[in-house]
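The structure's right below; bear with me while I get my questions together.
The values are calculated or read from the model by the stated rules, or taken from the named source; none is laboratory data. For clarity, every value in this text was computed on a predicted model and none was experimentally measured. Here the Cβ positions follow ideal geometry from the backbone for every residue, glycine too, while neighbour counts run over all protein chains shown.
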Amino acid sequence: MKIMLVCIGLASLLAAGALDVTPAPVADDGCVRSDATYIGAKSCKKCHFPWFKSWKKTPMAKAFDILKPGGSAEAKAKYKLDPKKDYTKDATCLACHTTGYGKPGGYPALVEGKAWTEDETKRAALMEGVQCEACHGPGSETGKYKKDTPEYKKADLLKMGMIDPTEENCKTCHNEKSPTITADTKFDYKASIKDSKVVHKRKALKKKHD
């Protein structure tokens, strides 16, 4: 329950300059990979169904719904958030309640005075919630590479945009700037990554790719 509350309005107090919360993919030589784009959890599902199925049951998958008017109303009131407000129109919230906000292939950024295109509207629906790529990095390059290279190595994927998530990655959203982070709901990284009700269940791959 604590983690569910932590997810509510996670980014509503983030400063405007902190919207770009997903760490940029960096290769071994220190160069940032700019060609990897977000493709959405439905694409990940094709090869990672057990993980996808487990993730769908977590608060992460439902993070966008919390922003809607009436969503988690009791908890919002507890943390002095307006239960009737539509936080899906608040860019500071969307940064941590969607995937790839404002990035290629990710949830389209809200720009004052600019309406979304038809493509952006469709993409927004696909990138709601904290999906696979929010923690593991954009998957356009790694997905293709793994399909063509069964004996791939993890080091190769890291060069293509994959992120090996750490506590620091999680704390880009789960931090004191969130209105729901208090002494009682302090983010516990070690406990969270072991709790299948918080993140997807951990299942070993059929082959080792170290």
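Scan segment 43-59 residue by residue and report those that are without any contact (Cβ under 8 Å) to a residue 60 or more places away in the chain and among the aromatic types (Phe, Trp, Tyr).
Answer for segment 43-59, where residues must be without any contact (Cβ under 8 Å) to a residue 60 or more places away in the chain and among the aromatic types (Phe, Trp, Tyr): just PHE49.
Taking into account only those residues within segment 92-119 that are buried (at least 19 other Cβ atoms within 10 Å of the Cβ) and among the hydrophobic types (A, V, I, L, M, F, W, C), which is farthest from the chain's Cα centre (by Cα)?
It comes out as CYS93.
Next question, about the same structure. Kindly indicate whether THR180 is in contact with a Leu (Cβ under 8 Å, 6 or more places away or on another chain), surrounded by 14 or more Cβ atoms within 10 Å (Cβ to Cβ) and of a type in the set (S, T, N, Q).
Spelling it out, THR180 is indeed in contact with a Leu (Cβ under 8 Å, 6 or more places away or on another chain), surrounded by 14 or more Cβ atoms within 10 Å (Cβ to Cβ) and of a type in the set (S, T, N, Q).
What are the residue pairs meeting all of these: first residue in segment 161-174, first residue more than 18 Å from GLY100 (Cβ to Cβ), second residue surrounded by fewer than 19 Cβ atoms within 10 Å (Cβ to Cβ) and not aliphatic (A, V, I, L, M), Cβ atoms under 6 Å, and 6 or more apart or on different chains?
That search, which allows pairs on different chains as well, returns GLU167/TYR189.
At least 3 residues that are touching a helix residue (DSSP H, G or I) at 6+ places or on another chain (Cβ under 9 Å) and in contact (Cβ under 8 Å) with a residue 12 or more places away in the chain in each: list the helices (runs of 4 or more DSSP H) lying fully within segment 86-141 that qualify.
Per the criteria, 91-97, 132-136.
Yes or no: segment 92-100 includes at least one residue that is under 22 Å from THR180 (Cα atoms), of a type in the set (Val, Ile, Thr) and in contact with a His (Cβ under 8 Å, 6 or more places away or on another chain).
No, every residue in segment 92-100 fails to be under 22 Å from THR180 (Cα atoms), of a type in the set (Val, Ile, Thr) and in contact with a His (Cβ under 8 Å, 6 or more places away or on another chain).
Where residues in segment 148-160 are touching a residue at least 60 places away in the same chain (Cβ under 8 Å) and in a helix (DSSP H, G or I), which of them is nearest to PHE64 (Cα to Cα)?
LEU158
Is it the case that LYS208 is buried (at least 16 other Cβ atoms within 10 Å of the Cβ), out of contact with any Ser or Thr (no Cβ under 6 Å at 6 or more places or on another chain) and charged (D, E, K, R)?
Spelling it out, it is not the case that LYS208 is buried (at least 16 other Cβ atoms within 10 Å of the Cβ), out of contact with any Ser or Thr (no Cβ under 6 Å at 6 or more places or on another chain) and charged (D, E, K, R).
Could you tell me which residue of segment 60-77 is farthest from THR182 (Cα to Cα), considering only residues that are without any contact (Cβ under 8 Å) to a residue 40 or more places away in the chain and either touching a Leu at 6+ places or on another chain (Cβ under 6 Å) or in a helix (DSSP H, G or I) (or both)?
ALA73
Taking ASP156, is it within 27 Å of THR142 (Cα to Cα) and at pLDDT 90 or above?
Yes: the conditions hold for ASP156.
Here is a follow-up. If a residue has to be farther than 23 Å from LEU81 by Cα and of a type in the set (A, V, I, L, M, F, W, C) to count, how many in segment 173-210 make the cut?
Result for segment 173-210: 5.
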